[in-house]
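Presented below is the structure to which this report refers.
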Amino acid sequence: MKIALINGSPKVKKSNSAIMLGILEPLIRTGHEITTYHLNKKPLTPEQYRELCRMDVLVIAFPLYVDGIPSHLFRMLVALEEYMKAEREGDIYVYALINNGFYEGRQNHIALEIIQNWCSRCGLHFGQGLGQGAGEMMGFLEKVPVGRGPLKNLGHAMQGLAGNIHSRSVDESMLFSPNFPRFAWKFTATHSFWNATAKKNGLKKKDILRRL
């Protein structure tokens, strides 16, 4: 099969979407032709849009933005819809990988519905979606084996998704949180991320808490 991995993160490097695609890619590499598309630098060319119309599978990875999808990804999907209606050659299955900053993975459900509705408009098959909560943890867990510790749920979900991609199957979407206590996540995020980022930018803890 021809499989397109579409990184819909606006980040140029070290995005959680790239991490998720990096976990999935080895699981689906064997026997398939995989092409990766990055939307964070410049818009797709007309030829790249046509390439997507000739794929068997599209995997779209992106971060949650205000309970929806990033605006640059939205523009790409609107443009791709027109190409799909005019140039699609066969059945295409779409799978989604979404991550959000909130602890609860269920926060991704609206963005997932957006992708499902887009598939319906394009005449594509929506296969499955995964929604990972506390996505910003992933950059701190690079040394943790997928399927172990805080990444246990993600590893299980990725194995199932890979199997569905191989067979172009439709399955129930999975929205999940990390295998990590919520209070510990909140404490770690506050001290290792927010306070550290504030200090890096010349701010103090009281500056973060100040109300205007």
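The values are calculated or read from the model by the stated rules, or taken from the named source; none is laboratory data. These figures come from a predicted structure and were not determined experimentally. Virtual Cβ from ideal backbone geometry, glycine too; neighbours counted across all protein chains shown. Just so you know, the surface numbers come from the protein's heavy atoms only, side chains and all, with ligands and any DNA or RNA stripped out. Shrake-Rupley method; radii C 1.70, N 1.55, O 1.52, S 1.80 Å.
For segment 1-69, averaging the sequence separation of C-alpha pairs within contact (under 8 Å, six or more residues apart) and dividing by the residue count gives a relative contact order of 55 percent. Taking the helices alone, the chain has a mean residue ellipticity at 222 nm of -12000 deg cm²/dmol, built from -39,500 (n - 2.57) per DSSP H run of at least 4 residues and averaged over all its residues. Under the definition of Cα pairs under 8 Å and six or more residues apart, what whole-number percent is the relative contact order of the chain? It rounds to 19 percent for the chain.
Name the residue farthest towards the positive end of the dipole of the chain from the options HIS72, ALA111, THR197, assuming +1 on Cβ of Lys and Arg, -1 on Cβ of Asp and Glu, about the Cα centre. My answer, from the dipole projection, is THR197. At the residue level, THR45 shows approximately 60 square angstrom of accessible surface with a 1.4 angstrom probe and all protein chains present.
The residues of the chain expose, per residue, 55 Å² of accessible area to a 1.4 Å probe. With the whole protein complex present, GLU47 retains an accessible surface near 90 Å², based on a 1.4 Å probe.
Only Cα pairs within less than 10 Å get springs; with that Gaussian network setup on the chain, which residue of GLY135, GLY202, GLY31 has the largest fluctuation? Per the Cα network of the chain with a 10 Å cutoff, GLY202 tops the list. Placing pseudo-labels 7 Å out from each Cα toward the beta carbon at GLU142 and LYS13 gives an inter-label distance of 1.0 nm. In the chain, a dipole from Cβ-located charges (positive for Lys and Arg, negative for Asp and Glu) runs towards its positive end, and of VAL146, ASN16, LEU209 it is LEU209 whose Cα lies farthest in that direction.
Carbon and sulfur atoms: what percent of the 1.4 Å accessible area of the chain do they account for? So the carbon and sulfur contribution to the accessible surface is 54 percent.
Within the same chain, aspartates and glutamates fewer than 8 places from LYS14 are excluded, and of the rest, those with a Cα less than 12 Å from its Cα are GLU136, GLU142. What do you get for the angle between helix 71-87 and the principal long axis of the chain? Use alpha-carbon atoms, 0 to 90 degrees, nearest ten. Tilt of helix 71-87: around 10 degrees.
Multiplying the sequence separation of ASN117 and ASP207 by 0.36 nm and subtracting their Cα-Cα distance, what value in nm do you get? It would help to have the intermediate numbers written out before the result.
Numbers: separation 90, 0.36 × 90 = 32.40 nm, distance 4.17 nm.
Going from the current span to full extension adds 28.2 nm.
Rounded to the nearest 0.05, what FRET efficiency is calculated for ALA86 and THR35 with R0 set to 22 Å and r the Cβ-Cβ distance?
Details: r = 21 Å, r/R0 = 0.94.
Rounded to the nearest 0.05, the efficiency is 0.60.
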